[in-house]
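Comments concern the structure below.
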Protein chains: 2
Amino acid sequence: MKAAIVTIGDEILIGQITDTNSGYIAKALDKIGIQTIEMISITDDKNHILKTFATYQDQVDVVIITGGLGPTKDDITKKTFCDYFEDVLVSNQDVLAHVKSIIEGIYKRPITQLNIDQALVPSKAKVLFNKVGTAPGMLMQKNNTTYISLPGVPFEMKYLVDNEIIPYLVKTYQRPFIIHKTILTYGQGESKIAEIIEDWENNLPAYIKLAYLPSPGRVRLRLTARGLEENVLIEAVNNQANKLQPLIGDIIVGFEEDQTIEVMIGKKLEEKKQTIATAESCTGGKIGYLISSIAGASSYYKGSLVTYNNQMKSQFLQISHDFINNHGAVSEEVALQMVQNAKQIIQSDYAISVTGNAGPTSGDNQKEVGTVYIGIATPSNTFVEEFNFGQPREKVVERAVNKAMELIYKEILKN
Amino acid sequence: MKAAIVTIGDEILIGQITDTNSGYIAKALDKIGIQTIEMISITDDKNHILKTFATYQDQVDVVIITGGLGPTKDDITKKTFCDYFEDVLVSNQDVLAHVKSIIEGIYKRPITQLNIDQALVPSKAKVLFNKVGTAPGMLMQKNNTTYISLPGVPFEMKYLVDNEIIPYLVKTYQRPFIIHKTILTYGQGESKIAEIIEDWENNLPAYIKLAYLPSPGRVRLRLTARGLEENVLIEAVNNQANKLQPLIGDIIVGFEEDQTIEVMIGKKLEEKKQTIATAESCTGGKIGYLISSIAGASSYYKGSLVTYNNQMKSQFLQISHDFINNHGAVSEEVALQMVQNAKQIIQSDYAISVTGNAGPTSGDNQKEVGTVYIGIATPSNTFVEEFNFGQPREKVVERAVNKAMELIYKEILKN
């Protein structure tokens, strides 16, 4: 069963915003065995939309469209739906009552004509009721293809995908199973890994596909199996993953089944009833933010001291000005003091420190751009590692964050 | 002049990673007057790639392709290029020497066959030398369309776009001008704004287009003008933007010309030689991270105290346990203490505090999910505002961050 995802909006095509909706939808479809074969972003132009709709007709089972449903003049998806399906807009009374309850009840504003028009839907459409916003979703059929239109605001789109679209597709279509298993490795390059696992890769069965997903400092290896028997697929994928252990066990930090490393860190800390804190300089608070982004983080994340300048390093991490001046703010010695003191002062079980020079210029410190020291403190030991993460600034920060997460996760697994 | 952007990779189509490359490329093309009419993500399948190449032939002037250039078996773009252009792969000696210098010189590893194969390029291709990685870019022509293939790793793609592609396109093609001006508003809904500016919008000249870009807590209004005379377009767009001032001046916080609010805050603070610090709870460090993400932030950003739990609020922000227990950690009183104390203790000119309940459960505090207090301290005053940002967790954090950035920017403009 195949799907295409269409995003309507000039803002994406000029690079003003990044389309994150399509990825969310694709992931939800993948989970129920529907393969997304294309994602496309097109202009707010009626003919362009009509042409795209026609391209996918009878080529895929489902087309999911986001964007172009807002109340303002630049939003034209509904009118284009009417053209494509030879239909007219009618006011839906349930949607109108809901729009009124939001505008008058929650926003305490008088309702306007634009708000009233949000309740207009094509007469033949199945309306997908949007409890969390004013623009409804719509579902229409042409020949063998179902077209579903959703608002572009991410949390409204997500609400409709989770509560309306997925249940509808599960009920309506027979689907195969798609099983993924992603092996998370840190510390070795893509081509080196490919060389080590070449024989294993060549012997994969035809229904299992391997993909390499490299990013600075880590490579994810994704196995994907497609077929009709879920248990058989799961077993086959697990068997293949197990065969990797003797080959690259030293660089595997875990399996990511829809899980980021911050989720895995959180689970382990929750299990062990242990806590973590960070003392960050060049990463600006991003490590703490990642850790705190997980629901339930308050049970294990104490907080962060983001000591971006030296005054704050002295004041909150109790590192003397002389010590910083002698060794330099970007130094092994300062990273060690940061992590030791953070763990002790905050009274956490684990701590991470990062101090480095992200660039673009080397500023008032002597170390070259890209130099980063990461400190790790655990219940049983403390150490600092030195890295050079190159350039530019954003890459240095990203690699430092990834490396810090890798180092701490490996330590948490040991303790 | 028209472009299409093609991304190759199953990882995008299953929602495992978000394509941010296309947006970067589109923005760079837009700046030199090239309109991206479609962005498409397709599977790692040879026939799918060939069909997509054919679709755009003679329909657009330039097709830019990212992904599928790595050293491993799942990367097939180069072979597919040879099929499409009826060409063969040959080893490029300059690229080979460069790959060797990276693998042997920087990574200190012996070169492998996979590394050697990275120097293979179609014999008729113009090679785009990739100084920051091992996979070269390639440029080939078929009839009236130029096809450019780039590696998918973001910083390598960016390097080639900035240093090879854009200079090539500027030199090779005549292009019109595209002028954007984006007006940044905070605090009013999309439909309400549309109602107020309706007459103005109806009177826009045909060559100027308006788009509404809503996100939680803010709406951006983007004016786009296309034409041959740059000065005329700039003047017309500025005139139209000025006409908005008497209509919605109270909600306009500035003009975004490729500038995020963190860049605008940074510029103002740098000008005024003032400093900022944050004391964050439910936002977990994200506000500080945003502020620090700008090159040069060390001149005005002192750091953040991310006091995720109450112990840290007492310890670093000197708010007594009794005070927290009496008022609750999520309260106006605690937000006020946080911001006052952060400013005083860190000795910054401005400070932001955030305490709230992002959910999903209300945890050990009494306030309902979505309640957030934001405190602002400036050289001349201090205040706290209360918000309910609804659900889910990620939306609460996003709205809190946006609102805090809005509030502090408005204050910085006043002071």
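The values are calculated or read from the model by the stated rules, or taken from the named source; none is laboratory data. Predicted model, so just to flag it, every value in this text is computed and none were measured. Positions of Cβ are backbone-derived with ideal geometry, glycine not excepted, and every protein chain shown enters the neighbour counts. Ligands, DNA and RNA are stripped out before the accessible areas are found, and what is left, the full protein with its side chains, is counted by its heavy atoms. Shrake-Rupley method; radii C 1.70, N 1.55, O 1.52, S 1.80 Å.
Miscellaneous remarks
- Meets criteria (open to solvent by less than 10 Å² (accessible area, probe 1.4 Å) and either more than 21 Å from B:Leu184 (Cβ to Cβ) or of a type outside the set (A, V, I, L, M, F, W, C) (or both)) for B:Ala377: yes
Let's see how each residue does on (1) within 12 Å of chain A (Cβ to nearest Cβ); (2) not small (Gly, Ala, Ser):
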{"residue": "B:Arg218", "(1), (2)": "no, yes"}
{"residue": "B:Arg226", "(1), (2)": "yes, yes"}
{"residue": "B:Asn239", "(1), (2)": "no, yes"}
{"residue": "B:Ile251", "(1), (2)": "no, yes"}
{"residue": "B:Lys273", "(1), (2)": "no, yes"}
{"residue": "B:Ala277", "(1), (2)": "yes, no"}
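- Listed by first and then second residue, the pairs linking a residue in the stretch B:278-294 that is under 17 Å from B:Ile261 (Cβ atoms) to a residue that is basic (Lys, Arg) and open to solvent by 10 Å² or more (accessible area, probe 1.4 Å), with Cβ atoms under 7 Å apart and 6 or more places separating them unless they lie on different chains, are B:Tyr289/A:Lys286.
- Test result for A:Leu317, surrounded by fewer than 24 Cβ atoms within 10 Å (Cβ to Cβ) and within 13 Å of chain B (Cβ to nearest Cβ): yes
- Filtered by the rule that a residue be open to solvent by 40 Å² or more (accessible area, probe 1.4 Å) and in contact with a strand residue (DSSP E or B) (Cβ under 7 Å, 6 or more places away or on another chain), the stretch A:383-398 gives A:Phe383, A:Glu385, A:Glu386, A:Asn388.
- Among the residues listed as A:Lys302, A:Lys313, A:Lys343, the single one being among the basic types (Lys, Arg) and over 28 Å from A:Asn415 (Cα atoms): A:Lys313
- Selection from the stretch B:301-314 of residues that are in a loop (DSSP other than H, G, I, E, B) and surrounded by fewer than 24 Cβ atoms within 10 Å (Cβ to Cβ): B:Asn309
- Set B:Lys343, B:Lys403: member being part of a helix (DSSP H, G or I) and farther than 23 Å from B:Thr185 by Cβ: B:Lys343
- Test: residue in the stretch A:85-96 that is open to solvent by less than 20 Å² (accessible area, probe 1.4 Å) and in contact with a helix residue (DSSP H, G or I) (Cβ under 6 Å, 6 or more places away or on another chain): no
- Scoring A:Tyr168 on the criteria (1) part of a strand (DSSP E or B); (2) more than 24 Å from the chain's Cα centre (by Cα); (3) among the hydroxyl-bearing types (Ser, Thr, Tyr) leaves a single failure, condition (1).
- Residue in the stretch B:163-186 that is touching a residue at least 12 places away in the same chain (Cβ under 8 Å), open to solvent by 40 Å² or more (accessible area, probe 1.4 Å), more than 10 Å from every other protein chain (Cβ to nearest Cβ) and on the phi > 0 side of the Ramachandran plot present: no
- Every residue from the stretch B:8-35 that is closer than 12 Å to A:Gln16 by Cα and of a type in the set (Ser, Thr, Tyr): B:Thr20, B:Ser22, B:Tyr24
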